[in-house]
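Presented below is the structure to which this report refers.
The values are calculated or read from the model by the stated rules, or taken from the named source; none is laboratory data. Note that the structure is predicted; figures quoted are calculated from it, not measured. Because the Cβ atoms are built from the backbone with ideal geometry, glycine has one as well, and the counts that use them run over all protein chains shown.
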Amino acid sequence: MPNHAAGALCPAIAELQSALRGIPDMAGVALGTIRHDGSRHTAGLAIDIMLHSRRPAEKAKADRIIAALIDMHPQMQWFDLIYTDWNPDGTPFYFHIPGNRLYAGRHLQKSAVGAQTGAAHVNHIHLDWCNYRMRIEPHERTYVYDWPPEARRTGFGYPFMATYATATS
């Protein structure tokens, strides 16, 4: 039996979504959460923050969000972040930042990911609280994953907003 309702956002995603919507600088920025593709999004464990890495103003906001997410990690306990930087020669640096030991790479530092994953994250930051070990078996497409305890964290919304306000890219 899943430990959450179908189609529900986990409390951490709901809190982050609310905090992002409360930042004046983020007005008009689309936030993608639930979608029905059998993914972390379906389980309510992921959010996409639609800021294109090739548009300087959007990239600057994205970099500030990422800095704030890293600073706030002790309170938020998110699991993984995926986005794209650009090298001086114009080639992409596809990266993820592991926030949980389940994910490969250096904790809270940019680590390279493959082109298939990276290219899908040029136009948005992906952030999740997904523990792949909590996949519901047999594989199904309604609940997908149980929520780990970290996904139920709240109380970081206003501190996140304040951290974003002072973050530098």
- Does region 24-31 contain at least one residue that is crowded, with 16+ Cβ neighbours inside 10 Å and either among the small types (Gly, Ala, Ser) or part of a helix (DSSP H, G or I) (or both)? yes
- Could you please find all residues in region 90-112 being β-branched (Val, Ile, Thr) and surrounded by 11 or more Cβ atoms within 10 Å (Cβ to Cβ)? Ile97
- Counting just the residues of region 124-169 that are among the aliphatic types (A, V, I, L, M) and in a loop (DSSP other than H, G, I, E, B), which one comes out surrounded by the fewest Cβ atoms within 10 Å (Cβ to Cβ)? Ile136
- Message: Out of everything in region 46-66 that is in contact (Cβ under 8 Å) with a residue 60 or more places away in the chain and among the acidic types (Asp, Glu), what residue ends up being farthest from Gly28 (Cα to Cα)?
- Response: Asp63
- Message: I need every pair where a residue in region 117-137 that is under 11 Å from Ile47 (Cβ atoms) has its Cβ under 6 Å from the Cβ of a residue that is in a helix (DSSP H, G or I) and at pLDDT 95 or above, sequence separation at least 6 or different chains.
- Response: Ile125/Ala62; Trp129/Ala12; Trp129/Glu150; Trp129/Ala151
- Somewhere in region 67-80, is a residue within 25 Å of Pro24 (Cβ to Cβ), charged (D, E, K, R) and in contact (Cβ under 8 Å) with a residue 40 or more places away in the chain? yes
- Message: Checking the condition surrounded by fewer than 18 Cβ atoms within 10 Å (Cβ to Cβ), over 20 Å from Val113 (Cβ atoms) and of a type in the set (A, V, I, L, M, F, W, C), which residue from Ala57, Ala68 passes?
- Response: Ala57
- Task: Give me a count of the residues in region 113-123 that are surrounded by 13 or more Cβ atoms within 10 Å (Cβ to Cβ), outside any helix (DSSP H, G or I) and out of contact with any Pro (no Cβ under 9 Å at 6 or more places or on another chain).
- Result: 4
